[in-house]
Amino acid sequence: MTSPIKAEDSGSAAVLDPELAATTENAVAKSEKQPEGRSPGQLMWQRFKRDRTGVVAACVVIFFFVAAACAPLISKVYGKDPYTLYGQENPELLDMFTMPAKAFGGIDGEFWFGVEPGLGRDVFTQLLYGIRTSLATALAATILMTVLGVLIGLAGGYFGGKIDYWLGRITDFFMALPSQLFFVAAMPVITTVFVAPDKETPTYVRTCAIIIVLSFLGWMSMARIVRGATLSLRDREFIEAARISGASPWRIIRKELLPNIVTPTLVQATLMLPATILSIAFLSFVGVGYVEPTPDWGRMFAIGANTVEQDPYYMLFPGVAMVIFVVAFNLLGDSVRDAFDPKTGR
């Protein structure tokens, strides 16, 4: 007689205790709830945000790009431009040897980075527009090199056989060429194709020539990396399944292979851009790249090399700016690589 009463009492207690019931339901819901999945992009972003070096390098690189994009606006607010010969308008800026009359290269409240020896142009705006010129040219050349390298690497890695053999030999031939000497020799030839020797070469023609020359000899490393990644993917199960389903080679390359080689392509592109900027500066330094009056990093180095004994401060700001940018971009490339593939490690 007592047991039914106890069972009834226990059931009533369970029904009359809503807090216990709610706690039990929450526990069951949590146990049945599946963990939220994150995409590879979200995982990469989480790893990248934890890398302080990469975040600082990204901020520095963004600062340079913003400064280059806003160069006309900054120049307007600053009140000077890179083309006006301030030393000739105001003879007090230069001494009798056409060197800056004031100390530290003419640095003062009016000219923040000093004035240029000889012509007396403003160094600050020259540097801003020089960064703009170098970044725009390097970005266009890097994009073209990336496209060429991806196409050639995908074709060789996917089709194999004779196509891979001959594309590999062509790649080896271009890698064997002395790039710096070829740059110097090819630039005058390319410019004379579009402009007569007795006429002045427009800036846009020089820009196109620089991009063509750099792209012609800069795609090989990208092609090698993409070919290796394609070789590791072409025999995977999802590629075989696409072949069996009747997909065309173009569709397999576009839908299956390209999304899986984004990581090595992006990492290599971030490492190619600073190297391309250095190559552009080299061309202008030796006199076959940008010339007067186009502001450019390499041209500023060429002027500073001729006057370094009389005015060592002229090369200070362009040199520091280039070192900071190249180092920051290389660190950014390493951080992006580690974020995409944490197994690499530093």
Label points 7 Å out from Cα along the Cβ direction at residue 83 and residue 189: separation in nm? 3.3
Pick out, from 171, 75, 135, the residue whose Cα sits farthest towards the positive end of the charge dipole of the chain, with +1 on the Cβ of Lys and Arg and -1 on the Cβ of Asp and Glu. 171
In Å², rounded to a whole number, the accessible area per residue of the chain with probe 1.4 Å is 56
Just to confirm the number: angle between the C-alpha axis of helix 203-216 and the first principal axis of the chain, 0 to 90 degrees, nearest 10? 50
For residue 49 paired with residue 62, estimate the spin-label separation in nm (one decimal), with each label point 7 Å from Cα along the Cα-to-Cβ line. 1.3
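Can you give the net charge of the other residues whose Cβ lies under 11 Å from the Cβ of residue 133, counting K and R as +1 and D and E as -1? Don't skip to the end; give the middle numbers.
Numbers: positive: 132, 206, 299; negative: 296.
The answer is +2.
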The helix 40-50 Cα axis meets the longest alpha-carbon principal axis of the chain at an angle in degrees, between 0 and 90 and rounded to 10, of 70
For the stretch 242-341, which whole-number percentage of the solvent-accessible area (1.4 Å probe, protein heavy atoms only) is attributable to carbon and sulfur atoms? 66
GluC sites (Glu not before Pro), restricted to the stretch 195-255: which are DSSP loop and have at most 13 other Cβ atoms within 10 Å? 200
Got a number for the accessible area of residue 184? Probe 1.4 Å, square angstrom, nearest 10. 50
Relative contact order for the stretch 94-224: what is it in percent, counting Cα pairs under 8 Å that are at least 6 residues apart? 25
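Could you rank the peptides 150-158, 316-324 by their average count of other C-beta atoms within 10 Å per residue, with the highest value first?
Values: 150-158: 22.0, 316-324: 16.9.
Sorting 150-158, 316-324 by mean packing, highest first, produces 150-158, 316-324.
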Which angle from 0 to 90°, rounded to the nearest 10, does the C-alpha axis of helix 297-307 make with the longest principal axis of the chain? 40
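At a Förster distance of 30 Å, what's the computed FRET efficiency of residue 286 paired with residue 173, Cβ-Cβ distance as r, to 0.05?
With a Förster radius of 30 Å, E is 0.75.
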Which shape class applies to the chain: rounded if a/c is under 1.5, otherwise prolate when a/b exceeds b/c and oblate if not, where a ≥ b ≥ c are the square roots of the Cα gyration tensor eigenvalues? oblate
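Taking loop as defined by DSSP and a crowding limit of 11 other beta carbons within 10 Å, which trypsin sites (Lys or Arg not before Pro) in the stretch 158-213 fit?
Values: sites: 162, 169, 199, 206; in loops: 199.
Within the stretch 158-213, the qualifying trypsin sites (Lys or Arg not before Pro) (loop, at most 11 other Cβ atoms within 10 Å) are 199.
The values are calculated or read from the model by the stated rules, or taken from the named source; none is laboratory data. Values in this document were obtained by computation on a predicted structure and should not be read as measured data. A quick note on method: Cβ atoms are made from the backbone with ideal geometry, for glycine too, and the neighbour counts reach across all protein chains shown. All accessible areas refer to the heavy atoms of the entire protein, side chains included, with ligands and DNA or RNA removed. Shrake-Rupley method; radii C 1.70, N 1.55, O 1.52, S 1.80 Å.
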